[in-house]
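The values are calculated or read from the model by the stated rules, or taken from the named source; none is laboratory data. Treat the numbers as computed from the prediction; the structure is a model and nothing was measured. Cβ placement follows ideal geometry from the backbone for every residue including glycine, while neighbour counts extend to all protein chains displayed.
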Amino acid sequence: MNTGLISMAAYLPANKLEDSMVTALIDFLRSQTLLPEAYIKEIEETGCLPGRVETNYDGWESQPWFETWLKSLSPKKQADPFQGTCERRRVPMDPASVKESIYPHPMLPSDAEVIAASMAILRSGLHPDDIDLVLAHSQVPDRPLPQNVSLVQHKLGLKNAGAYSLDTCCSSFVSMIEVAVAMVKSGIKKNVLIVSSYLDSHVNDKSTHFSVDTGDGAAAGIVSATEMGYLASDSSSHGDRHDGIVFETREPLLYKGLHTSPDYRQLVTTFLNREACKEIAVNAERDMKEVVSNALDKAGMSTEEIDFFVSHQPVVWAGEAWRKAVGVGEEKFYETFKKYGNIATAAAATNFTEAMEKNLIKENDKVLIASSGAGENHIAVLHQVSPELIKNMKRFR
């Protein structure tokens, strides 16, 4: 037996669910989890995952400050202010904060993770008690300390599972596949649930030029013993670019307040060190090609043997640039940037999940899953798709 993914799922706000999944998910969420009832009712009433689609008009063009924002961009960016993004997804507001606070906040990241994880468990056919480890990465956690993972284990009612947090920023889901495979292959664990989320709604400053690229999403998968799965992997790190992209507490860039105004500082995504950001962009193709080449060497494979490629999607050009650098044909590549934008740690997993849901990936296919992550790091995992994974992906279709 090998070790690999036996189930995958993604929570993308406002996405339509199959009727059979709606029924199963509602029952699971109510009977097994601590997800707020308001979110469950939204699924029940709409047949869709909680949240909404935000268009460019909704978020920017309809706003009174849009012209000021547009003028703040460089001439090149003014010509294409949305940089290939058409829409992105937004989670709903947290129901408790709406009722109890004069400043309500978006859905808790741990709740987004519970929804994605619940769908992955349902697709796997496993009982929740079969899960013996949760690996999680919350790019925006509920609290800085502790991280979400034990809370997610608790909210899911996984009484037999330990919980570890793992962080390589946007590449964390791919890193967790590698770690989970090692844990199961060694016999230390049997069924590892991996979960990641990025809720940009908590850290988005709409007055920046890159805010148009980012959205909300969560993804989950389960790694177990299976007929086929993990083939090889490789990773790299470039810590000299560590301060390129950071979370920083500051006011919005477009802000005109009074001394008597409320304090509008918040934690927001910031391109802090421009030189480091330039290094990230200049080396993006080389760094990805290097880890992919090393993973292929470890597997004794050539590029021609890759049947499908899914990756992170930090900006509109990145996916295509990586595809060409790796040498994979466009018919073997799938991305969702125009629908979801940059959903960070959930991106590669979402692209893998949707490609399987659309029957673009078949049983026995050798799939390259690769991602970059701020920090700066890269990872590539080669994974052969098992009959069990394909069967489970069709469980509610």
Open item on the list: Based on this model, can you work out whether Met119 counts as under 19 Å from the mean Cα position of the chain (by Cα) and touching a residue at least 40 places away in the same chain (Cβ under 8 Å)?
Closed with: yes
Open item on the list: So, Ala344, is that one under 23 Å from Ala225 (Cα atoms) and in contact with a strand residue (DSSP E or B) (Cβ under 6 Å, 6 or more places away or on another chain) or not?
Closed with: no
Open item on the list: I'd like the full set of residues that are surrounded by fewer than 22 Cβ atoms within 10 Å (Cβ to Cβ), in contact with a helix residue (DSSP H, G or I) (Cβ under 7 Å, 6 or more places away or on another chain) and within 19 Å of Gly84 (Cβ to Cβ), limited to region 335-370.
Closed with: Thr336
Open item on the list: Within region 17-131, considering only helices (runs of 4 or more DSSP H) that don't extend past its boundaries, which have at least 2 residues that are in the same structural domain as Gly162 (by TED's automatic domain parsing) and surrounded by 14 or more Cβ atoms within 10 Å (Cβ to Cβ)?
Closed with: 19-32, 37-46, 66-72, 95-100, 109-124
- [ ] Would you please list the contacts, defined by Cβ atoms under 8 Å and residues six or more apart or on different chains, that run from a residue in region 320-337 that is of a type in the set (Lys, Arg) and in a helix (DSSP H, G or I) to a residue that is at pLDDT 95 or above and surrounded by 20 or more Cβ atoms within 10 Å (Cβ to Cβ)?
- [x] Arg323/Phe309; Arg323/Ser311; Arg323/Phe333; Lys332/Ile306; Lys332/Phe308; Lys332/Phe309
- [ ] Output the number of the condition that Met393 fails; it satisfies all remaining conditions of (1) buried (at least 17 other Cβ atoms within 10 Å of the Cβ); (2) closer than 20 Å to Ser124 by Cα; (3) under 17 Å from the mean Cα position of the chain (by Cα).
- [x] (3)
TODO: Answer with yes or no whether Met301 is assigned to a loop (DSSP other than H, G, I, E, B), in the same structural domain as Cys277 (by TED's automatic domain parsing) and either out of contact with any His (no Cβ under 9 Å at 6 or more places or on another chain) or surrounded by fewer than 19 Cβ atoms within 10 Å (Cβ to Cβ) (or both).
DONE: yes
Open item on the list: Given the criterion within 22 Å of Leu17 (Cβ to Cβ), surrounded by fewer than 24 Cβ atoms within 10 Å (Cβ to Cβ) and not assigned by TED's automatic domain parsing to the domain that holds Glu357, identify the matching residue among Gly157, Gly162.
Closed with: Gly157
Open item on the list: I'm trying to understand the selection: among the residues of region 352-378, which are touching a strand residue (DSSP E or B) at 6+ places or on another chain (Cβ under 8 Å), under 12 Å from Phe308 (Cα atoms) and of a type outside the set (Gly, Ala, Ser)?
Closed with: Phe352, Met356, Leu360, Ile361, Asn364, Asp365, Lys366, Val367, Leu368, Ile369
Task: Hey, Ala136 surrounded by 24 or more Cβ atoms within 10 Å (Cβ to Cβ), of a type in the set (A, V, I, L, M, F, W, C) and part of a helix (DSSP H, G or I) or not - done: no
- [ ] Mind telling me which of the residues Thr214, Thr226 ends up being more than 21 Å from the chain's Cα centre (by Cα) and of a type in the set (Val, Ile, Thr)?
- [x] Thr226
Open item on the list: So if I check each of Ser293, Ser311, which one is at pLDDT 95 or above, within 25 Å of the chain's Cα centre (by Cα) and within 23 Å of Asp200 (Cβ to Cβ)?
Closed with: Ser311
Open item on the list: Against the definition (surrounded by 22 or more Cβ atoms within 10 Å (Cβ to Cβ), in contact with a helix residue (DSSP H, G or I) (Cβ under 8 Å, 6 or more places away or on another chain) and either at pLDDT 95 or above or outside any loop (DSSP other than H, G, I, E, B) (or both)), how does Ala218 come out, yes or no?
Closed with: yes
- [ ] Could you please let me know if Glu354 is more than 27 Å from Leu199 (Cα to Cα) and among the charged types (D, E, K, R)?
- [x] no
Open item on the list: I need the full set of residues from region 272-292 which are surrounded by 14 or more Cβ atoms within 10 Å (Cβ to Cβ), assigned to a helix (DSSP H, G or I) and touching a residue at least 12 places away in the same chain (Cβ under 8 Å), in order please.
Closed with: Ala276, Cys277, Glu279, Ile280, Ala284, Glu285, Asp287, Met288, Lys289, Glu290, Val291, Val292
TODO: Name, by its number, the condition in (1) assigned to a helix (DSSP H, G or I); (2) crowded, with 17+ Cβ neighbours inside 10 Å that does not hold for Val310.
DONE: (1)
